[in-house]
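Below: one structure, written as C-alpha cells.
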Amino acid sequence: MAREPHSGGGGRPNRDRRDNREERDSEFVDKLVHINRVAKVVKGGRRFGFAALVVVGDQKGRVGFGHGKAREVPEAIRKATEAAKRGLVRVALREGRTLHHDVNGRHGAGKVILRAAPQGTGIIAGGPMRAVFETLGMQDVVAKSLGSSNPYNLVRATFDALKNEDSPRAVAARRGLKVSTLQSRRRHADLSDGAGADA
C-alpha cells in the first residue's frame, strides 16, 4: 500500500515543546554570582578554562543555584544556568516578602544567619546572598555571614538556611493544629513583646 505524502505539520509538536520551554525560561531571572578563571599548564603553554556560579529564580518563591565549567565564559554560564534550573527549591515566604522566622545555615566554613524583617527594610545582605534573595523574590530580610566569604560556601549555606525554614502550614500539620490557631498564638506573642518593650 502506498504511503501518503508526509504533511508539513509533523514538526509542530517539537516547535510547541520549544515554545513552551522558552516561555518557561522567560519567567526565570538569573544572576551571575561569581566567575573563576583556571589555567591548566600543558606542553604548548597554558590552557584557560572558566567556572561560573549562577543563581536562578522566578521571584515568586522558587530559587536554585548551579555551577558550570567550560573553555569559554558564555558556555560556562549556560551550563550553570541549566544546572540551577534543574535544582530549584520552593521557599515559603510570609506575605510573599520575608521569612516566617529566623534561621541559621551552614556549609563547610560558611555560616549565615537570616532574620525576618518588617516591611520596608529591604534586602540587607552581601553580594552572593543578595543574589539569592533577589531571584527568590524576597523583599525584606537581614542577613549576616559569620564564616568563610567564599561565594560557593555562602550560596550553599544560604540554601541550607532556606531549607531549614518552616511555614505555619507545615508546623500546624506536624502538631495537628489549625493554621489559624498557630497564627493567633503568634499575634498574642508579638503583642506581649510590644507591651514589654513599652514598659
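What to note about this one:
- Among the candidates Ala39, Ala70, Ala84, Ala51, residue that is at pLDDT 85 or above and buried (at least 19 other Cβ atoms within 10 Å of the Cβ): Ala84
- Among residues of segment 87-115, those that are open to solvent by less than 30 Å² (accessible area, probe 1.4 Å), in contact with a strand residue (DSSP E or B) (Cβ under 6 Å, 6 or more places away or on another chain) and either without any contact (Cβ under 8 Å) to a residue 40 or more places away in the chain or β-branched (Val, Ile, Thr) (or both), counted: 3
- Remark: pairs (first residue in segment 150-165, surrounded by fewer than 22 Cβ atoms within 10 Å (Cβ to Cβ); second residue among the polar types (S, T, N, Q); Cβ separation under 8 Å; 6+ apart in sequence or on different chains) = Asn164/Asn104.
- The criterion of being closer than 27 Å to Asp140 by Cα and assigned to a strand (DSSP E or B) does not hold for Lys85.
- Criterion applied to Met138, Met129 was being in contact with a helix residue (DSSP H, G or I) (Cβ under 9 Å, 6 or more places away or on another chain), assigned to a loop (DSSP other than H, G, I, E, B) and not basic (Lys, Arg), and the one residue passing it is Met138.
- Gly45 free of Cβ contacts under 8 Å to residues at least 12 places away in the same chain and at positive phi: yes
The values are calculated or read from the model by the stated rules, or taken from the named source; none is laboratory data. A quick note: this is a predicted structure, and the numbers were derived from the prediction, not measured. For neighbour counting, all protein chains shown are included, and Cβ atoms are generated from backbone atoms with ideal geometry for every residue, glycine included. With ligands, DNA and RNA removed, areas are computed over all heavy atoms of the protein, side chains included. Shrake-Rupley method; radii C 1.70, N 1.55, O 1.52, S 1.80 Å.
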